[in-house]
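In what follows, a single structure is set out as structure tokens and then discussed.
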């Protein structure tokens, strides 16, 4: 009976994982999945002889001593590529001369990830390797087993080798770098580097913690129930076997269709949650592929169209210094505005003074800029020119540009810091962060209003916001009674935000929104924070010693304790959203919010969803349960319509949860 239960749990969990990670269509809630997983884990501990290679518990391995080289059974070729549509016409013309007009093509997005080869025997995953030089790669089977989009057992008993691309979603890349920044660990340059670094961990449990996925793009079928005659049929077949394929794949009748596909995705790619740098175009007919064959390095039946490079040169006009809420000084490049990756860029990150020194960037230089992960503009190099050597070397400022006290180094960090707690720039940065969307979300009070309030000495610390009257706001230039009332009401409303928002807004070192949410899942009241010792804090999952010490010291600072009392006096409740949860009516449901909502902000709607056991996501996929669409909803609404996701307006959402607007 026990073996039957283990078999049942293993098969069910593999089915649920396939629907979640491959089909983007979850069948059960995370809570239900976790309970089944824990039951299987416990049974396998009691009966280890029942453990099989395809058990979901075997996805997390141990520590390897290194990676062995492995010779590929089938060579992994490179691709010829072009940035020119004229070159695509010429490539296609050679093919049609041999096979006649209208040779079908398959267009696939070229994923900016890490190429791998996976081998399956009798339907079981037995070996996986990096591309290497195409002939010899590194065996990383143990690490690949942790990637949940890679099936451990296929739906059919087949012998097959597939090629795919391991990638890290952009949102996961940003989260990883945020966590590394807080923990003062290495930052990855882009999602591809993060994916490659994650796969080459000797400890596969680290790989398992990284959010990696895979798209399969080529099957080599040795033994199966069918024998595809076209590439399109082969891709659809491996999807049936249990592999994840990119949904943005298209069968076209000729090169015009392929070029239309390329043009379409030149701009649409920026809406994707993964990096893509082009389109791979393949002859669909497999017999044609065999006849065309290969050059010494690439197939003649395939080519890659590369999107225009997302790097562009411009002039660095100045370097400004920004002072953050922790006092960290960040140099920012002021640029001659240029269009880059779909937006006009006039400023770019230089990260820190060490980066300026490494790049030897000087005011007046022509520099090359790009968007890291197609999101954040940054300077990557100086464009060689004769003028560069005649420009003065950038001199690091020794004093704070705001309070003029000396800047200091902090052990173990590359930034310089203004450590003056009364520095106007630091105080303003903390006030601006307090009202930001990530923190208390007081959207009607922006930086210019804060600057004016500060200059009038009406606000010096966050508690001062809650002592302001409507008349105080009307003292500001151009602020009329209606605007003053809106700002006053927005501030008063923020008193009811969950405790996690308040903890985020406090600007505790290395404690951002996600860390604050982790803390308030365990510490439900402000008193819990005050009573928690370092050991208790460090034992909260995802926190660690460094953050624990920062939190402990913050909540045992005499000045801060007095501030908390003042917040209580003005009406703050300090209640965790976990404590506020009254029902689980939205458990297992994932919502995406888009557009402008009338009766609440998107963050407020997100808090309501979470308080009722639901989840929110920043992107629409097949696993999205509902999209709540406000006014001016954009691409997310269109994608939801394409995928058939249920779309709700505000009224429908409130009816769903049994409330009225």
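The values are calculated or read from the model by the stated rules, or taken from the named source; none is laboratory data. What you see is a predicted model; the values in this text were computed from it and never measured. Every residue, glycine among them, receives a Cβ derived from its backbone with ideal geometry; neighbour counts consider all protein chains shown.
Listing for the model above:
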item	result
Test: residue in the range 154-172 that is out of contact with any strand residue (DSSP E or B) (no Cβ under 9 Å at 6 or more places or on another chain) and over 30 Å from residue 378 (Cα atoms)	yes
Tally of residues being outside any loop (DSSP other than H, G, I, E, B) and touching a helix residue (DSSP H, G or I) at 6+ places or on another chain (Cβ under 8 Å) across the range 422-452	13
Extreme residue, nearest to the chain's Cα centre (by Cα), among residues of the range 377-404 that are surrounded by 12 or more Cβ atoms within 10 Å (Cβ to Cβ) and in a strand (DSSP E or B)	377
Filtered residues of the range 223-241 (kept if touching a residue at least 12 places away in the same chain (Cβ under 8 Å) and either within 19 Å of residue 103 (Cβ to Cβ) or touching a helix residue (DSSP H, G or I) at 6+ places or on another chain (Cβ under 6 Å) (or both))	228, 229, 230, 231, 232, 234, 235
Selected residue (criterion: surrounded by the most Cβ atoms within 10 Å (Cβ to Cβ)) from residues of the range 405-421 that are at pLDDT below 90 and assigned to a loop (DSSP other than H, G, I, E, B)	415
Residue among 281, 319 that is in a strand (DSSP E or B), closer than 30 Å to residue 421 by Cα and either modelled with pLDDT of 90 or more or assigned by TED's automatic domain parsing to the domain that holds residue 102 (or both)	319
The lone exception for residue 217 - which of (1) out of contact with any helix residue (DSSP H, G or I) (no Cβ under 8 Å at 6 or more places or on another chain); (2) at pLDDT 90 or above; (3) assigned to a strand (DSSP E or B) it fails	(1)
Verdict on residue 478 being on the phi > 0 side of the Ramachandran plot and not in a helix (DSSP H, G or I)	yes
Members of the range 471-492 that are in contact with a helix residue (DSSP H, G or I) (Cβ under 6 Å, 6 or more places away or on another chain) and either surrounded by fewer than 16 Cβ atoms within 10 Å (Cβ to Cβ) or outside the structural domain of residue 430 (by TED's automatic domain parsing) (or both)	474, 485
Positions within the range 237-259 being more than 29 Å from the chain's Cα centre (by Cα) and either part of a helix (DSSP H, G or I) or crowded, with 19+ Cβ neighbours inside 10 Å (or both), in sequence order	237, 255, 256, 257, 258, 259
Any hit, the range 606-620, residues being surrounded by fewer than 19 Cβ atoms within 10 Å (Cβ to Cβ), in a loop (DSSP other than H, G, I, E, B), without any contact (Cβ under 8 Å) to a residue 60 or more places away in the chain and touching a strand residue (DSSP E or B) at 6+ places or on another chain (Cβ under 9 Å)	no
Pairs, first closer than 30 Å to residue 371 by Cβ in the range 277-298, second assigned to a helix (DSSP H, G or I), C-beta under 6 Å, six or more apart	279/262; 281/258; 282/231
Filtered residues of the range 322-344 (kept if assigned to a strand (DSSP E or B) and touching a helix residue (DSSP H, G or I) at 6+ places or on another chain (Cβ under 7 Å))	323, 331
Some residue of the range 331-345 being modelled with pLDDT of 90 or more, under 30 Å from residue 113 (Cα atoms), within 26 Å of the chain's Cα centre (by Cα) and surrounded by fewer than 19 Cβ atoms within 10 Å (Cβ to Cβ)	yes
Pair list, Cβ under 6 Å, 6 or more apart: the range 165-184 residue within 11 Å of residue 211 (Cβ to Cβ) and assigned by TED's automatic domain parsing to the domain that holds residue 146, other residue modelled with pLDDT of 85 or more and assigned to a loop (DSSP other than H, G, I, E, B)	167/113; 167/274; 168/212; 169/273; 169/274; 170/273; 171/273; 172/211
Selected residue (only one of 566, 535 is in the same structural domain as residue 498 (by TED's automatic domain parsing) and assigned to a helix (DSSP H, G or I))	535
Top-ranked residue of the range 355-376 - restricted to ones that are out of contact with any strand residue (DSSP E or B) (no Cβ under 8 Å at 6 or more places or on another chain) and surrounded by 18 or more Cβ atoms within 10 Å (Cβ to Cβ), ranked as modelled with the highest pLDDT	374
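Conditions tested, residue by residue: (1) touching a strand residue (DSSP E or B) at 6+ places or on another chain (Cβ under 8 Å); (2) surrounded by fewer than 17 Cβ atoms within 10 Å (Cβ to Cβ); (3) in the same structural domain as residue 285 (by TED's automatic domain parsing).
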| residue | (1), (2), (3) |
| --- | --- |
| 42 | no, yes, no |
| 86 | no, yes, yes |
| 90 | no, yes, yes |
| 95 | yes, no, yes |
| 110 | yes, no, yes |
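To keep it simple, each residue is scored yes or no on (1) touching a strand residue (DSSP E or B) at 6+ places or on another chain (Cβ under 8 Å); (2) more than 28 Å from residue 269 (Cβ to Cβ); (3) outside the structural domain of residue 111 (by TED's automatic domain parsing).
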site: 188; (1), (2), (3): no, no, no
site: 195; (1), (2), (3): yes, no, no
site: 204; (1), (2), (3): yes, yes, no
site: 216; (1), (2), (3): yes, no, no
site: 225; (1), (2), (3): no, yes, no
site: 234; (1), (2), (3): yes, no, no
site: 248; (1), (2), (3): yes, no, no
